[in-house]
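Following: one structure in C-alpha coordinates, then a few remarks.
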Amino acid sequence: MRALGLDLGERRVGVAVCDSAGTVATPAETLVRSGDAGRDLRAVAEQVSEWQAEIVVVGLPVSLDGTEGPAAVAARAEIDRLGRFLSVPVVSYDERLTTVIAERSLMEQQMKGPQRRGVVDQVAAAVMLQSWLDAGMPRG
(Lines give C-alpha, C1' and ligand atoms only; values in the text may rest on other atoms or scores of the structure.)
Protein backbone atom coordinates (compact mmCIF):
# COMPACT_ATOMS: atom_id res chain seq x y z
CA MET A 1 0.00 0.00 0.00
CA ARG A 2 1.46 3.34 -1.03
CA ALA A 3 1.14 5.93 1.73
CA LEU A 4 1.87 9.64 1.67
CA GLY A 5 3.17 11.20 4.88
CA LEU A 6 2.68 14.86 5.77
CA ASP A 7 4.51 16.97 8.33
CA LEU A 8 2.31 20.05 8.74
CA GLY A 9 4.04 23.30 9.55
CA GLU A 10 2.94 26.91 9.61
CA ARG A 11 5.10 27.84 6.60
CA ARG A 12 5.85 24.50 4.97
CA VAL A 13 4.43 21.01 4.61
CA GLY A 14 6.91 18.16 4.39
CA VAL A 15 5.90 15.31 2.12
CA ALA A 16 7.21 11.75 2.24
CA VAL A 17 6.13 8.63 0.42
CA CYS A 18 6.63 4.93 0.95
CA ASP A 19 7.29 2.22 -1.58
CA SER A 20 4.34 0.20 -2.87
CA ALA A 21 5.18 -2.65 -0.48
CA GLY A 22 4.78 -0.29 2.48
CA THR A 23 8.21 -0.93 3.93
CA VAL A 24 10.42 2.14 3.36
CA ALA A 25 9.54 5.83 3.67
CA THR A 26 11.45 8.38 1.62
CA PRO A 27 11.44 12.20 1.72
CA ALA A 28 9.67 13.51 -1.39
CA GLU A 29 9.01 17.25 -1.38
CA THR A 30 8.50 20.38 0.67
CA LEU A 31 5.36 22.35 -0.13
CA VAL A 32 5.48 26.03 0.77
CA ARG A 33 2.24 27.32 2.27
CA SER A 34 0.51 29.80 -0.02
CA GLY A 35 -1.69 31.50 2.56
CA ASP A 36 -4.74 30.16 0.70
CA ALA A 37 -6.15 27.05 2.42
CA GLY A 38 -7.88 25.86 -0.76
CA ARG A 39 -4.72 26.13 -2.81
CA ASP A 40 -2.77 24.24 -0.13
CA LEU A 41 -5.39 21.45 -0.10
CA ARG A 42 -5.13 21.20 -3.89
CA ALA A 43 -1.32 21.00 -3.63
CA VAL A 44 -1.64 18.03 -1.26
CA ALA A 45 -4.22 16.43 -3.56
CA GLU A 46 -1.75 16.76 -6.44
CA GLN A 47 0.85 14.90 -4.37
CA VAL A 48 -1.67 12.15 -3.60
CA SER A 49 -2.40 11.81 -7.31
CA GLU A 50 1.23 12.03 -8.43
CA TRP A 51 2.36 9.32 -6.01
CA GLN A 52 -0.85 7.28 -6.42
CA ALA A 53 -1.19 7.21 -2.64
CA GLU A 54 -3.90 5.04 -1.14
CA ILE A 55 -3.76 6.69 2.30
CA VAL A 56 -2.41 9.92 3.78
CA VAL A 57 -0.72 9.85 7.19
CA VAL A 58 -0.50 13.24 8.87
CA GLY A 59 1.82 13.90 11.77
CA LEU A 60 0.05 14.99 14.96
CA PRO A 61 2.26 17.22 17.13
CA VAL A 62 1.55 15.71 20.54
CA SER A 63 3.47 17.14 23.52
CA LEU A 64 6.14 14.99 25.14
CA ASP A 65 3.76 14.27 28.03
CA GLY A 66 1.14 12.99 25.58
CA THR A 67 -1.20 15.97 25.79
CA GLU A 68 -2.48 17.90 22.82
CA GLY A 69 -1.72 21.61 22.80
CA PRO A 70 -2.68 24.36 20.36
CA ALA A 71 -0.49 22.93 17.55
CA ALA A 72 -2.24 19.56 17.80
CA VAL A 73 -5.67 21.21 17.84
CA ALA A 74 -4.76 23.16 14.68
CA ALA A 75 -3.37 19.98 13.08
CA ARG A 76 -6.56 18.06 13.87
CA ALA A 77 -8.61 20.79 12.17
CA GLU A 78 -6.43 20.56 9.08
CA ILE A 79 -6.58 16.76 9.16
CA ASP A 80 -10.38 17.03 9.17
CA ARG A 81 -10.27 19.39 6.15
CA LEU A 82 -7.93 17.01 4.32
CA GLY A 83 -10.21 14.08 5.13
CA ARG A 84 -13.19 15.86 3.62
CA PHE A 85 -11.24 17.05 0.57
CA LEU A 86 -9.17 14.02 -0.44
CA SER A 87 -10.53 10.87 -2.05
CA VAL A 88 -8.32 8.60 0.10
CA PRO A 89 -8.39 7.91 3.86
CA VAL A 90 -6.52 10.40 6.07
CA VAL A 91 -5.17 9.28 9.44
CA SER A 92 -3.11 11.02 12.08
CA TYR A 93 0.00 9.63 13.75
CA ASP A 94 2.12 10.83 16.65
CA GLU A 95 5.05 12.86 15.34
CA ARG A 96 6.84 13.52 18.64
CA LEU A 97 10.53 14.33 18.09
CA THR A 98 10.44 13.75 14.32
CA THR A 99 11.83 17.20 13.54
CA VAL A 100 14.59 16.75 16.14
CA ILE A 101 15.50 13.38 14.62
CA ALA A 102 15.43 14.87 11.12
CA GLU A 103 17.63 17.83 12.16
CA ARG A 104 20.18 15.52 13.79
CA SER A 105 20.28 13.26 10.76
CA LEU A 106 20.89 16.21 8.44
CA MET A 107 23.58 17.66 10.73
CA GLU A 108 25.31 14.26 10.80
CA GLN A 109 25.41 14.52 7.01
CA GLN A 110 27.12 17.91 7.54
CA MET A 111 24.33 19.73 5.75
CA LYS A 112 24.49 23.49 6.30
CA GLY A 113 21.62 25.46 7.88
CA PRO A 114 20.08 26.93 4.70
CA GLN A 115 20.16 23.54 2.98
CA ARG A 116 18.64 21.84 6.05
CA ARG A 117 15.73 24.29 6.17
CA GLY A 118 14.77 23.27 2.64
CA VAL A 119 14.51 19.55 3.42
CA VAL A 120 14.00 19.14 7.17
CA ASP A 121 10.19 19.06 6.84
CA GLN A 122 10.22 16.28 4.25
CA VAL A 123 12.77 14.31 6.27
CA ALA A 124 10.56 14.74 9.37
CA ALA A 125 7.60 13.50 7.31
CA ALA A 126 9.66 10.45 6.30
CA VAL A 127 10.63 9.75 9.93
CA MET A 128 6.97 9.94 10.98
CA LEU A 129 5.79 7.82 8.04
CA GLN A 130 8.47 5.19 8.70
CA SER A 131 7.38 5.03 12.34
CA TRP A 132 3.77 4.51 11.18
CA LEU A 133 4.85 1.75 8.81
CA ASP A 134 6.96 0.07 11.52
CA ALA A 135 3.97 0.21 13.91
CA GLY A 136 1.94 -1.87 11.49
CA MET A 137 0.12 0.97 9.70
CA PRO A 138 -2.47 1.73 12.42
CA ARG A 139 -5.62 3.41 11.15
CA GLY A 140 -6.86 5.10 14.30
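The values are calculated or read from the model by the stated rules, or taken from the named source; none is laboratory data. This structure is a prediction, so every number in the text was calculated from the model and none was measured. Here the Cβ positions follow ideal geometry from the backbone for every residue, glycine too, while neighbour counts run over all protein chains shown. Please note that ligands, DNA and RNA were not included when accessible areas were found on the heavy atoms of the full protein model with its side chains. Shrake-Rupley method; radii C 1.70, N 1.55, O 1.52, S 1.80 Å.
Starting from the Cα gyration tensor of segment 1-101, take the square roots of the eigenvalues, sort them a ≥ b ≥ c, and report rounded, prolate or oblate (rounded when a/c is under 1.5, otherwise prolate if a/b is larger than b/c, else oblate).
Oblate, because a/c is 1.5 or more while a/b does not exceed b/c.
Order the peptides 67-80, 38-51 from the highest to the lowest mean number of other Cβ atoms within 10 Å of their residues.
Ranked from most to least packed, the peptides come out as 38-51, 67-80.
Keeping every protein chain present and rolling a 1.4 Å probe, give me the accessible area per residue for segment 1-66 in Å².
That works out to 49 Å² for each residue.
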